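Q: Below you will find the structure I want to go over with you.
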Amino acid sequence: MNRYRPIRYGRIAVQVLVVAAITAALILGVPCLLSRMQIIPAIVSCATLWLIVWGVATLIFGRIYCSTICPCGATIDFFTKNLRKRKSRFTYSLPSNRLRYSIFVIVVLCALLGFSVALALLDPYSAFARIVNACARPLAVGVAGLIVAALTLGLIILFSARRGRIICNTVCPVGTLLGTVSRVSLYHPDINTDLCINCRKCVDVCSAQCINLTDHVVDSSRCVVCFHCMDVCPNAAITYRRGRHQLSIPLMQRTVSSGAGVSAAAPTKQESPSMTPIDRRKFLITGALAASSAIAAVAKHNPSYVKGAVPLVPLNYVTPPGTSSREDFLRRCTACGACVSACPTEVITPSTKQFGVRHALTPVMDFDKAYCSFDCVRCSEVCPTKALRPLTPNEKHHTAIGRARICADNCRLYVNGIHCGICAKVCPKRAISIVTDSEGRKFPQLEPELCIGCGRCSYACPSKPYRAIVIEGQ
């Protein structure tokens, strides 16, 4: 039996166990050490220990992180194995170094300039976490989260089935960083040209497309140390070793091959059959009349409808509990969605425009959907980047994440005189009380020093068409 086969199976077993553990932790919303070991979360949270561990491991063994610990790499391997045609074989391809390092520089510059969306989209762990969260809790991640997760998964499936590890070796900033270090790794794959019979079996199974049999070299910057090539080699010509093999008969010379690329003709697009155009103006007018009629009916028959009410928009949107400061949160968060998955009330959701385009997908508290549970601290416990510091339930009771703002002109108690007071009843801190003005009209009044911004009052407010309470971020 090939001596590398047990090593290969052992690596695959570790990879499967890591992915299963991370997936289970994301679905259950519990802390996971393997999530904190990921490269980008470790960099963002300044986890020096893990950075040293992976730096030393890469210098010694090469890119073993990519083939064992990275969940996105495991996903790529899964689709590569199961979607690629059995008769199809990989071929060697030149590294796209210009594109590879350009993407890396752009990601680094965006991170330094505060455009966290670039890092959030290309961080392999965050991408994997978004896919898991979108599959497990599609309603919690919202439309934007579903779209981004679906596009990410679609691109992974497409490129994995066609080009194997091309995403890892061209797009992924972690792959580029580790690939730069692995160029000088102590151990690396090496081809013994005295034993090699050019059967090309190693090239056929190399999903990194980094084995060049013309020169008999392996590009260690792209090799993820999967051991597939060593397992299939019939003559033990490719090994994992220190140094380089010395030819017993030094007759081979380095040559430069020139191959012409083969391009497939694009399929002819079939013309769609002619269809009868829709009278859009008539359709829109009819829809507008139907909507206005429905609103008029609500205003007439719904006692909670407040005439003249205006929409309330917070000046600052609320970040999840455990935030040290808004700036620190936006700088550290990679939009992995761990807090979104852990939230039992689903009040935490990926943002769209709340924090601007630079921080799209960063979690935000959406009190139109739900409220923050008074005793829950799960989101602060699962954050792998320290964007949210861990809180105890007692700390949560006294930590303000926001502040309620009441608009009496939207309140059905104040405007319509309907008995209400729901906001005062549901407030866990008793920060809202019902008072009477000089004209004898009742309205809710807030004691700001007691409010912690949990959003329970805003979520419970029955006033229509707009609530009378909005939560302002710190």
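Q: Among Gly73, Gly154, Gly55, Gly142, which is the only one that is farther than 30 Å from Arg242 by Cβ and at pLDDT 95 or above?
A: On the way: Gly73 fails: farther than 30 Å from Arg242 by Cβ; Gly55 fails: farther than 30 Å from Arg242 by Cβ; Gly142 fails: at pLDDT 95 or above.
Only one candidate qualifies: Gly154.
Q: Let me ask something additional. Given the options Val426, Val364, name the one that is of a type in the set (A, V, I, L, M), over 30 Å from Arg332 (Cα atoms) and not assigned by TED's automatic domain parsing to the domain that holds Ala144. Don't jump to the end; show me each part of the working.
A: Values: Val364 fails: over 30 Å from Arg332 (Cα atoms).
Result: Val426 is the single residue among Val426, Val364 that is of a type in the set (A, V, I, L, M), over 30 Å from Arg332 (Cα atoms) and not assigned by TED's automatic domain parsing to the domain that holds Ala144.
Q: Would you pick out the residues in the stretch 78-112 that are of a type outside the set (Gly, Ala, Ser), without any contact (Cβ under 8 Å) to a residue 12 or more places away in the chain and not in a helix (DSSP H, G or I)?
A: Hits for the stretch 78-112 are Lys85, Arg86, Lys87, Leu94.
Q: Provide a single number: the residues in the stretch 301-351 that are more than 14 Å from the chain's Cα centre (by Cα) and part of a loop (DSSP other than H, G, I, E, B).
A: 27
Q: I'd like the full set of residues that are in contact (Cβ under 8 Å) with a residue 60 or more places away in the chain, over 40 Å from the mean Cα position of the chain (by Cα) and part of a loop (DSSP other than H, G, I, E, B), limited to the stretch 394-445.
A: Of everything in the stretch 394-445, those that are in contact (Cβ under 8 Å) with a residue 60 or more places away in the chain, over 40 Å from the mean Cα position of the chain (by Cα) and part of a loop (DSSP other than H, G, I, E, B) turn out to be Asn416, Ile418.
Q: Considering only the stretch 198-246, how many residues are in a loop (DSSP other than H, G, I, E, B) and either surrounded by fewer than 22 Cβ atoms within 10 Å (Cβ to Cβ) or not basic (Lys, Arg) (or both)?
A: Residues in the stretch 198-246 being in a loop (DSSP other than H, G, I, E, B) and either surrounded by fewer than 22 Cβ atoms within 10 Å (Cβ to Cβ) or not basic (Lys, Arg) (or both): 29 in total.
Q: Give me the pairs: first residue in the stretch 303-320 and more than 10 Å from Ser463 (Cα to Cα), second residue aromatic (Phe, Trp, Tyr), beta-carbon distance under 6 Å, and six or more apart or on different chains, which are they?
A: Pro311/Tyr466; Thr319/Phe329
The values are calculated or read from the model by the stated rules, or taken from the named source; none is laboratory data. In this text the structure is predicted, and so the values were computed from the model without any measurement. All Cβ positions, glycine included, derive from the backbone under ideal geometry; neighbour counts span all protein chains shown.
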